[in-house]
Each structure stands twice: as C-alpha cells, then as structure tokens.
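Just so it is clear, none of the values below were taken in a lab; they were calculated from the coordinates. Here the structure is a predicted model, which is why all the values come from computation and not from measurement. Cβ: placed from backbone, ideal geometry, glycine included. Neighbour counts: every protein chain shown.
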Amino acid sequence: MGRIKKLLNTKTFGLIVATIVLAIIVTALNPSFVARGNIRNLLNTLSFQGVMLAGIAILLMSGNIDLSSGAVAAMGSLVFALLLKGFPGMPWPVALVLSLAAGAIMGLVNVFFMNVVNLVPFIVTIGTSSIFGGIATVITRGNAVPVNVPSFLNLGKIAFFKSIPFVFVVMVAVVLIHAFVLYKTRFGRSIYMVGGNPQAARLCGLSINRTRAILFVSNGVMSTLGGLIWVCLRKQSNPASFIAAAPNMQAIIATLLGGVSFMGGAGGIGGACVGLVLLNVFNTGLAVLKAPAYISVAVNGLLLIIALIIDNVNSMRMRRMLMVSAIKEGAKKRAAS
Amino acid sequence: MKKLLAIVLAMLMALSLFACGGTTTTSDPDESAPASVAPTKEPESEGQKNTGKTGDHPLDKVGFFDPEFDYASGPRFKVQYMVSVTSPLYDMFSSAFAFWAEKMNIEYSPLWASGGDNDAYLNNLTTFINQGVDGFLLDPDPATFPRIAEICDEAGVAWMSCMSPAQADATQPLLRPYVGFDQIWFGRQMAAKLIEYKKTEWADVPADEIGYIAVDYSLAGVLHDREVGAEQMWVESGESMDHFYIADTVTVGPTMDGANTAVTAILSQQPQYTHWLVSAMFDDAAMGAAAALDAMGFTDNACVVTIGGTSLQRQWDSGMEDAWRFAMFTPQTIYAEPIIGALYAFMSGQATPETIWPSWVDKSRGDKYARLLLPSYWMTHENYKRLLEWSDVYAGADEYDYDPTGLTRDTFNARMDIPESYAG
C-alpha cells in the first residue's frame with residue numbers, strides 16, 4: 001500500500017494522468033485520433049525521439065547538456081546514406097556500425113572541448129551543432145540523399161499487431177537498457193552524484209571528466225541511432241529537414257517536463273518518457289483537430305516555461321529539505337553534547 | 001505543488017484543444033483571405049504555352065545570354081549577391097549566378113548573408129558600393145526594398161531582386177523588374193495535372209472514392225497561393241469541395257515530418273476514400289505526404305505532385321518510386337539567366353530597368369516595370385533525364401550526367417508566352 005501511495009504521489013503519475021486525459025479529450029473531439037494510421041504515426045515519431053531522449057535525459061541528470069544532438073543525428077545518418085550510395089555492395093549493418101562510430105566520434109569532439117579545453121557544455125554544443133549541421137548542409141546542399149536498401153527500409157514497415165512498429169520496440173529496448181544502467185549499476189548511481197554534487201563526487205573518487213566522456217560518446221551514438229530510425233522511416237537522409245524538425249529539442253523539453261533537473265542530479269527516465277508521450281499526443285492532437293497555428297506555437301513555448309518552473313520548484317524543495325535536515329542534525333549533535 | 005502543476009498543465013492543454021472548435025471534415029474556401037491577384041490567363045495543364053509570343057520589341061530580347069555577343073570585349077563588371085539569411089536555395093542560386101557570370105565576363109562575388117540583420121544588410125550594401133561593386137543581386141527582407149532602392153539610385157549602381165519581387169509588400173508597386181513565377185498559376189497547374197491523372201488512370205473509380213489533399217503552409221503567402229490556385233482549379237473543373245481537404249502544416253511545421261503528420265491525420269479521418277490526389281507546396285512536403293500514403297498502404301492508388309523536383313530526381317536516380325509522380329520544375333540556370341542578364345544590360349547600358357522587356361509590363365496591374373514569367377516543365381519519370389540534360393545543353397553547363405543525344409537548345413522552350421492579361 002505504501003508503494004502504491006508513493007507511486008500515486010509522484011509527478012510522473014501526474015503526467016500519466018495528464019496524458020490520458022488529453023488523449024480522451026482529443027478522441028472525444030475527433031475519434032479518428034485513435035485510428036490505426038495516427039497511432040502508428042505517433043509511435044513512429046516516438047521511436048526516433050525516444051532513442052534520442054534516452055541519451056539526453058541521462059546527460060541532463062549528470063549535470064550536462066548536449067544541444068548538438070540533432071546535428072549529430074543528421075550528420076551520422078548522412079554518413080550511413082553516403083556509405084550505401086558510395087559503396088553499393090556494402091551490407092547495411094556494416095554501414096550502420098560505421099555511422100554509429102561516426103556519432104561516437106562527434107561525441108568525442110564535444111568531450112575534447114569540454115574536458116581538454118575546459119569549455120562549458122552549453123556553449124560547446126551550440127558551436128558543434130552549427131559545425132556538424134553546417135558540414136551536413138554543405139555536403140548535401142540542402143538536398144536529400146535517398147536510401148534504397150529494401151532489407152533496411154522494410155524494418156520501418158514491420159508492425160506487430162498491425163499497429164506497433166518494430167522501430168518503436170527498438171526504442172523501448174534502448175530506454176530499458178538505459179534505465180537498467182541508471183538504476184541498477186554503480187555507474188548509474190554515480191551519474192546522479194556527479195550531477196547533484198560534483199565536488200562531493202570528486203571527493204568520493206569519481207572522475208567527472210570520465211563520466212562526462214562516457215555519457216557524451218553514448219549520446220552521440222544514441223543520437224545517430226535516432227537519426228537512422230528516421231532514415232528507415234523516411235527512406236532518405238535529409239539533414240536540412242531533420243534539423244528543421246528539431247526532435248532533440250522535443251526530447252529536451254520532454255525530459256524537463258518529466259522531472260529531470262536542468263541542474264542535474266535528479267529525475268528519471270520514466271518521467272522523461274511520459275513527458276515525451278504527452279508532448280507528442282498534444283502535437284498529434286493539434287494536427288488531428290486542425291488547430292490554428294498560434295495555439296501550437298504559444299503552447300509549445302508555454303510548455304517549456306512550465307517545465308522550467310517545475311524544475312525550479314523541485315530544486316528549491318530539495319534545497320529546503322537539505323537545509324532542514326542539516327539543521328536537525330546540528331540540533332541533535334548540540335543536544336548530545 | 002507537483003499535482004497542482006500537473007493539473008494546471010493538463011487544463012491548459014485541454015483548453016487549447018477545445019479552442020480548436022468543431023471538427024469539420026471538409027475544408028471551406030477561405031472567404032476572408034485577401035483577394036488574390038487576378039490570375040493570368042494560364043496555359044493548359046501540360047505546362048505553359050510556348051508558341052513564340054515572348055515579345056517582339058528589340059528590348060524584349062535583351063537580358064538573356066547571347067552566345068554571339070563578345071562579352072570579353074566590354075568592361076568586366078563587379079557583381080555582388082546579398083541575401084538576408086543563408087539557405088541551400090540561395091546557395092543553388094549563387095552557383096547558377098556564378099555560372100552565368102563567367103560566361104558574361106562578370107567578376108562575381110558569391111552570396112553574402114546578413115544573418116537576418118537588416119541594418120547590417122543596408123550598411124554592407126553601402127560598403128560594397130564604396131568598394132566599387134557595379135551591380136547587385138539582392139534577396140533582402142522585402143520590407144527594406146524601398147530603402148535599398150534609395151541607396152542604389154543615389155549611388156547610381158544597378159540592382160535586381162532575385163527570388164522575391166522588389167516591393168515592400170504585395171500591395172506596393174514594383175521597384176525593379178521581377179523575374180519569377182505566378183504562384184497561383186502553379187497551384188492551378190498542380191490541380192489540373194492531378195485531375196488529368198485521375199481521368200486517365202482512374203477512369204473507372206467512382207468520384208466519391210477519390211479524395212484531394214492540398215498540403216499547405218498558410219502563414220507564408222507565396223506558398224499559400226499554391227493552395228489557393230489548386231482550390232480554384234478544382235472548383236472550376238466541376239469537382240466537389242466535399243472531397244477537397246487542406247493539410248495545413250502551420251500546426252506541425254512545414255517540414256517532411258509535419259506534412260507526414262498532417263496528411264496522416266486526414267487519411268485516418270476519411271477512410272471512405274480508396275484513392276488520393278495530393279498537391280504539395282514543395283519537395284519536403286511532397287516527400288512527407290508520400291511517406292504518409294505509403295505507411296497507410298495507398299502508394300499504388302495515390303498521386304503526389306509538387307513545385308520543385310530536385311529531390312524527386314534523386315529519388316528516381318536511386319531507383320526509388322513511390323506516390324510522388326510529378327514535379328513542376330524550372331532549371332536553376334534558366335531561372336538565374338534573365339536576372340543576371342538584366343543586371344548586365346543595366347550595367348552595360350543596353351537597357352534600363354524602365355525600358356527592359358516592355359512587352360512584359362503587366363498593364364492590368366498598372367505596373368511600371370516588367371514581370372518576366374519563367375517557364376516550368378512537368379518532370380515525369382519518363383522525361384526527367386532529357387529535361388535535366390537539356391538544361392545543361394541550353395546553358396552550356398555540366399551539372400547533370402545524362403545522355404545528351406538528340407538534345408538541342410530548342411528541345412524544350414526556354415521562354416514563356418506573355419500572358420494575354422498583360423495587354424490590359
């Protein structure tokens with residue numbers, strides 16, 4: 001009973017309720033919202049955004065941020081498309097591995113500027129976002145690079161029970177793996193410590209730079225994987241179009257909405273995923289209901305503000321709790337002496 | 001507090017959804033839209049008529065590359081291309097300008113972008129003038145055109161606008177000749193092409209099983225005009241507006257994903273249709289629509305058309321074919337030629353902005369300057385290689401690598417007939 005009460009009292013539960021309520025409202029206004037086509041499109045979108053969210057959420061928990069994820073995904077998927085185009089005999093799994101390696105290298109570029117040159121992640125990743133995105137645009141001149149490998153593209157067509165895309169299952173697997181690492185391993189626990197109190201983490205013998213390096217390289221790989229899922233669904237690499245869609249920004253907003261702290265050290269992957277579902281249910285609902293443009297633009301901005309308010313409130317609450325705890329501890333020691 | 005915020009969040013989102021209003025399944029013609037410019041008397045759906053009525057005045061021939069003219073014997077003019085923000089489209093334009101500049105003995109400086117800063121744009125315009133630039137190709141924020149005209153006229157330098165007409169907004173007069181397209185005509189052509197496809201390929205399919213989706217971005221007038229034109233042609237052709245739907249991407253974004261979501265929503269909402277006709281405002285929207293149709297199993301029973309076609313060519317070259325079957329295409333070299341050609345004419349004294357292309361002055365609008373309309377061609381899977389290779393033959397370029405056998409400069413018409421409405 002205690003566990004149920006604890007579950008009901010979490011913000012994640014509140015988000016789940018909000019998502020369900022929204023879905024019910026949209027369906028009541030337009031029942032076609034739950035038609036197979038819309039649900040499948042929603043799950044497809046969640047597939048590539050969710051993979052990117054897994055890496056981004058853990059980075060945020062560690063007190064870092066990667067604004068270059070979208071550009072990394074675009075560039076990594078472009079590598080995949082160009083390899084298949086330039087080497088027609090290359091098996092696509094080989095091209096996939098090489099493009100994931102390219103994503104890891106781009107993550108390492110970020111790590112270099114942060115760990116070696118000692119620049120702030122926020123600024124570094126804004127810069128590398130322009131660099132990677134610019135290189136991709138120069139190579140493609142804004143055009144798409146079609147990918148015509150049936151065995152790869154068929155992965156985007158497979159759907160279990162005719163509605164659950166295979167790529168969605170891939171995303172779920174990626175999220176579960178990240179959740180396992182976060183909650184069940186020492187490294188995962190160290191992520192919270194590094195994000196919550198870097199100085200204490202350092203005093204405990206944890207290497208901030210090493211943790212950051214692992215997470216940014218991992219995020220580079222996850223971003224590229226997200227980009228590859230997009231390629232599988234759209235049958236092309238199109239950096240300009242992908243960057244314009246900004247799935248990484250959706251992932252960041254969803255992560256903050258889901259309770260992951262912008263300052264690091266708090267939050268969970270479950271909440272972030274629910275936040276992503278909520279955002280996509282909302283955006284799909286707007287499309288189904290043919291909402292006026294200003295509503296979407298205004299509410300998306302409002303969602304970001306609310307997410308930051310939630311994060312701020314959580315941070316203040318944590319600080320208050322720590323202060324109260326410290327005062328009580330001090331009072332106990334005085335009483336004892 | 002957490003629960004309160006979650007409730008507030010849900011209420012805000014729910015309220016915004018309720019504000020969407022009723023769920024009409026058909027689109028209503030937008031009665032409140034500003035009256036579009038009276039469409040020119042457009043040609044048939046196979047493309048524009050090119051019967052040689054391109055202007056008989058001597059100054060109608062000026063402003064195009066003349067292979068017989070010795071450009072090297074004249075002065076070498078300096079030309080600068082300036083844009084407000086960079087984009088792949090401007091980059092393509094710049095490459096085309098560079099190509100023609102080399103043929104016309106012009107010292108061409110590639111595109112300079114102000115990053116959206118109008119002050120920087122105008123300041124650098126003055127700087128370039130002081131550095132001795134003789135002529136400008138300009139794609140600024142349209143609101144700055146009047147100030148640009150003042151600066152250039154004061155300095156006595158030539159200039160031409162590129163993609164946008166040189167006017168602060170559509171209600172203002174042109175400040176320089178315009179080379180481009182009639183967007184409503186584009187929309188009409190797309191709808192005409194789809195209606196023709198329907199009659200040819202789906203003659204046995206009942207009319208109430210065929211739906212039409214116009215993928216739109218209503219916030220951008222230029223793109224929205226294409227939907228307006230499509231709707232006009234659909235109605236004029238006797239088709240029912242009950243089967244006409246607008247997938248407006250303002251809510252989801254004018255991207256491939258946005259078009260995919262918007263079109264999927266309509267396909268899901270209207271399960272009674274077995275066949276779909278789709279006109280999209282540009283390549284990305286066409287790809288998104290084709291992806292949505294493919295996901296819903298409509299590929300063989302759908303036809304998507306758009307304005308553009310660069311991505312379609314790449315798709316076909318890679319062996320891919322889907323519901324996207326046609327594109328109305330204008331080679332970049334054909335587009336760029338008269339723009340930089342007119343600029344050369346101004347700089348060399350062959351013509352002035354007021355005298356060039358006199359037959360192309362639209363008297364029905366009371367224009368002072370010419371509006372030269374460019375030819376566009378329906379690109380199909382059968383003709384795309386010849387069409388693209390012809391653009392290389394016409395310009396003497398080497399952009400494409402298809403078989404040029406049998407192609408001459410006249411294989412396709414590089415000029416468009418002057419619309420009859422221009423006579424006033």
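What to note about this one:
- Descending principal axes extents, the protein assembly as shown, alpha-carbon based, whole Å: 106, 65, 54
- Difference of contour (0.36 nm per residue) and Cα-Cα distance, B:Gln131 to B:Glu154: 6.7 nm
- When only Cα pairs below 8 angstrom with a gap of at least 6 residues are kept, the range B:205-263 shows a relative contact order of 39 percent.
- Model label sites at B:Ser240 and A:Val94, defined 7 Å from Cα along the beta-carbon direction, differ in position by 5.7 nm.
- In this structure, B:Leu219 and A:Ala326 have a Cβ-Cβ separation that, at R0 = 60 Å, corresponds to a calculated FRET efficiency of about 0.65.
- When each of the peptides B:148-159, B:304-315 is scored by how many other beta carbons lie within 10 Å of its residues on average, the order from highest to lowest is B:304-315, B:148-159.
- Using Cβ point charges alone (K and R +1, D and E -1), the dipole size of chain A about the Cα centre works out to roughly 1000 debye.
- The charge dipole of chain B, taken about its Cα centre with unit charges on the Cβ of Lys, Arg, Asp and Glu (plus for the first two, minus for the last two), comes to roughly 640 debye.
- Mean per-residue shielding of peptide B:245-256 is 6, counting Cβ atoms of other chains within 10 Å of each Cβ.
- Here the Karplus relation 6.51 cos²θ - 1.76 cosθ + 1.60, evaluated at θ = phi - 60°, turns the backbone of the range B:185-200 into coupling constants of 4, 4, x, 4, 5, 4, 5, 4, 5, 5, 5, 5, 4, 4, 5, 7 Hz, with x for every Gly and Pro.
- Taking B:Asp283, B:Asp66, B:Asp410 and counting other C-beta atoms within 10 Å, the order from fewest to most: B:Asp410, B:Asp66, B:Asp283
- Cα shape, the range B:183-329, gyration tensor, a/c 1.5 rule: rounded
- Cβ-Cβ distance of A:Thr185 and A:Ser207, R₀ of 22 Å, FRET efficiency by 1/(1 + (r/R0)^6): the value works out to about 0.90.
- Selection from B:Pro140, B:Ala414, B:Gly297, by position along the positive dipole direction of chain B (Cβ): B:Pro140
- Remark: spin-label model distance B:Asn383-B:Asp204 equals 2.8 nm, labels positioned 7 Å along the Cα→Cβ axis.
- Crossing angle, helix A:186-196 versus chain A [Cα axis fit, 0-90 degrees, rounded to tens]: 70 degrees
- Here is the list for the range A:142-203: chymotrypsin sites (Phe, Trp or Tyr not before Pro) lying in DSSP coil, each with at most 10 other C-beta atoms within 10 angstrom of its C-beta, are A:Phe161.
- FRET E, pair A:Met318, B:Asp141, Förster distance 45 Å, beta-carbon r, rounded to 0.05: 0.45
- Approximating the spin labels as points 7 Å out from Cα along Cα→Cβ, the B:Ser87-to-B:Phe64 distance works out to 2.8 nm.
- Of the trypsin sites (Lys or Arg not before Pro) found in the range B:52-123, those that fall in a DSSP loop while having at most 16 other beta-carbon atoms within 10 Å are B:Lys53, B:Arg76.
- Between 0 and 90°, nearest 10: helix B:283-295 axis offset from chain B longest Cα axis: 20 degrees
- Relative to the compact-globule estimate of 2.2 N^0.38 Å, the Cα radius of gyration of the range A:123-172 comes out at 1.70.
- Rounded to 10°, Cα long-axis angle of helix A:69-86 versus longest principal axis of chain A: 30 degrees
- Peptide A:26-36 has a mean of 4 when you count, residue by residue, the C-beta atoms of other protein chains within 10 Å of its C-beta.
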